[in-house]
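Colleague: I'd like to ask some things about the structure below.
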Amino acid sequence: MKKIFFLLLCVLVSKFSYTQDTQKCEESEPNYINRMPGFEISDCKNSDYNEAEFIYYVKGKAEKINKSGKYYDIYYNKQKDVTQKYSSAQIIENYYNAIVKIKGKTLADKKTTLFANINGKEVYLKIHTAENSSDAKSYRIEIVEVEQMQQDIVINLEEAIDRDGKAALYGILFDTDKSTIKPESEKALQQVIDYLNNHPKVNIIIVGHTDMVGAYDHNLKLSKERAEAVKEYLVKTGKIDTSRLDSEGVGPLCPVSTNEKDEGKTLNRRVEIVKKLK
């Protein structure tokens, strides 16, 4: 049985050619894929969990998918002493051939967005090059190994609601610009179900919030749809009586932080559970 330890892109690249990688990006590549020979890593923006949007074209029509999981964003520059020329097409074809060799496939007409099952995980790869370059000086790849996020933040719903009359939940996650609840939201939603089961006389309002990016009317509609999606989950999965639940969306109207920074936007995108008075 064959085990995939790496993909052969062109030729095996000696360890010596990696010694000029920028220090912060040492060992930033996944162990199942290497790079084009003669290139070094100039930058990387990897994370244990992130969301990535892949836009590609099929028969001239734009397609878009959003995937979440372990994320690699790696930038390669050609080493100064390398004289061999690699075209953009050659770089893309190398990655494509390597993926097809392990029974993967291309999603895009131009073979820039690829998919394969590797080591038991769904892996999506996007290749960014200078289009039609006959001597590419750099290129970039994004890779997402699809997996659920580890939920690190846990809130005591009962304590928060008793103290403030509400609780903000950041563990309820949605697909980008959609009201589809992600599977990794299960733990946070189970907390709400447990709270309502332990307090059978409590009724709540589920309130959706967004950041201020995009049109106001769109965000308002999206926040309402997300609140309604949570309500439906609590009814269908948690068997909570629908009469105990109301849902509403306020879009960007109630920020808890500035929308001028990414950190603030993240805090503003949330679902709140508000206790109704009898």
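The values are calculated or read from the model by the stated rules, or taken from the named source; none is laboratory data. What you are looking at is a predicted structure, and each value in this text was computed from that prediction instead of being measured. Virtual Cβ from ideal backbone geometry, glycine too; neighbours counted across all protein chains shown.
Colleague: Please enumerate the residues belonging to segment 24-40 that are in contact with an Asp or Glu (Cβ under 6 Å, 6 or more places away or on another chain) and among the small types (G, A, S).
Modeller: none
Colleague: I've got another one for you. Among the residues of segment 102-152, which ones are basic (K, R) and under 25 Å from E40 (Cβ atoms)?
Modeller: Answer for segment 102-152, where residues must be basic (K, R) and under 25 Å from E40 (Cβ atoms): K111, K126, K137, R140.
Colleague: Related question: Starting from segment 227-246, take each residue that is on the phi < 0 side of the Ramachandran plot and list its partners that are of a type in the set (K, R), counting only C-beta distances under 8 angstrom and pairs at least six apart or across chains.
Modeller: What qualifies is T242/K231; L245/K231; D246/K231; D246/K276.
Colleague: Shifting gears a bit: Can you give me the ranges of the helices (runs of 4 or more DSSP H) entirely in segment 180-278 with at least 1 residues that are at pLDDT 95 or above, out of contact with any helix residue (DSSP H, G or I) (no Cβ under 9 Å at 6 or more places or on another chain) and over 29 Å from G69 (Cα atoms)?
Modeller: The qualifying helices (runs of 4 or more DSSP H) are 186-198, 216-236.
Colleague: Related question: Please indicate, with yes or no, whether at least one residue in segment 86-100 is within 14 Å of I33 (Cβ to Cβ), in a helix (DSSP H, G or I) and of a type in the set (S, T, N, Q).
Modeller: Checked against the condition, which is being within 14 Å of I33 (Cβ to Cβ), in a helix (DSSP H, G or I) and of a type in the set (S, T, N, Q), segment 86-100 yields at least one hit.
Colleague: List, please: which pairs have Cβ atoms under 9 Å, are six or more places apart or on different chains, and start with a residue in segment 210-225 that is in the same structural domain as C254 (by TED's automatic domain parsing) and surrounded by 18 or more Cβ atoms within 10 Å (Cβ to Cβ) and end with one that is of a type in the set (K, R) and modelled with pLDDT of 95 or more?
Modeller: Pairs that qualify, where the first residue is in the same structural domain as C254 (by TED's automatic domain parsing) and surrounded by 18 or more Cβ atoms within 10 Å (Cβ to Cβ) and the partner is of a type in the set (K, R) and modelled with pLDDT of 95 or more, are T210/R226.
Colleague: I would also like to ask the following. So, in segment 141-177, of the ones that are part of a loop (DSSP other than H, G, I, E, B), surrounded by 13 or more Cβ atoms within 10 Å (Cβ to Cβ) and more than 13 Å from the chain's Cα centre (by Cα), which residue ends up modelled with the highest pLDDT?
Modeller: The residue in question is I172.
Residues are listed down the side, and each one gets a yes or a no for (1) out of contact with any Lys or Arg (no Cβ under 9 Å at 6 or more places or on another chain); (2) under 20 Å from S257 (Cα atoms); (3) among the small types (G, A, S):
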{"residue": "L157", "(1), (2), (3)": "yes, no, no"}
{"residue": "A168", "(1), (2), (3)": "no, yes, yes"}
{"residue": "E186", "(1), (2), (3)": "yes, no, no"}
{"residue": "Q190", "(1), (2), (3)": "yes, no, no"}
{"residue": "I193", "(1), (2), (3)": "no, no, no"}
{"residue": "K224", "(1), (2), (3)": "yes, no, no"}
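Colleague: Okay, moving on. Scan segment 111-118 and tell me whether some residue there is in contact with a helix residue (DSSP H, G or I) (Cβ under 9 Å, 6 or more places away or on another chain) and among the polar types (S, T, N, Q).
Modeller: Within segment 111-118, one or more residues are in contact with a helix residue (DSSP H, G or I) (Cβ under 9 Å, 6 or more places away or on another chain) and among the polar types (S, T, N, Q).
Colleague: Report yes if N268 is closer than 23 Å to E159 by Cα, in contact with an Asp or Glu (Cβ under 8 Å, 6 or more places away or on another chain) and surrounded by 13 or more Cβ atoms within 10 Å (Cβ to Cβ), otherwise no.
Modeller: Spelling it out, N268 is indeed closer than 23 Å to E159 by Cα, in contact with an Asp or Glu (Cβ under 8 Å, 6 or more places away or on another chain) and surrounded by 13 or more Cβ atoms within 10 Å (Cβ to Cβ).
Colleague: Run K61 past the list (1) under 22 Å from E147 (Cα atoms); (2) at pLDDT 90 or above and report the number of the one that doesn't hold.
Modeller: Of everything listed in (1) under 22 Å from E147 (Cα atoms); (2) at pLDDT 90 or above, K61 misses just condition (1).
Colleague: Between a residue in segment 157-170 that is over 17 Å from H199 (Cα atoms) and any residue that is surrounded by fewer than 14 Cβ atoms within 10 Å (Cβ to Cβ), which pairs come within a Cβ distance under 7 Å, given they are 6 or more apart or on different chains?
Modeller: Y170/I153
Colleague: For the condition in contact (Cβ under 8 Å) with a residue 12 or more places away in the chain, surrounded by 14 or more Cβ atoms within 10 Å (Cβ to Cβ) and more than 30 Å from F54 (Cα to Cα), what is the one hit in L196, L189?
Modeller: L196
Colleague: Moving to a separate point now. Which residue pairs have Cβ atoms closer than 7 Å, lie 6 or more positions apart in sequence or on different chains, and pair a first residue in segment 33-48 that is under 19 Å from L114 (Cβ atoms) and touching a residue at least 60 places away in the same chain (Cβ under 8 Å) with a second residue that is of a type outside the set (F, W, Y) and assigned to a strand (DSSP E or B)?
Modeller: Cβ pairs passing all conditions: F39/N77; F39/K78.
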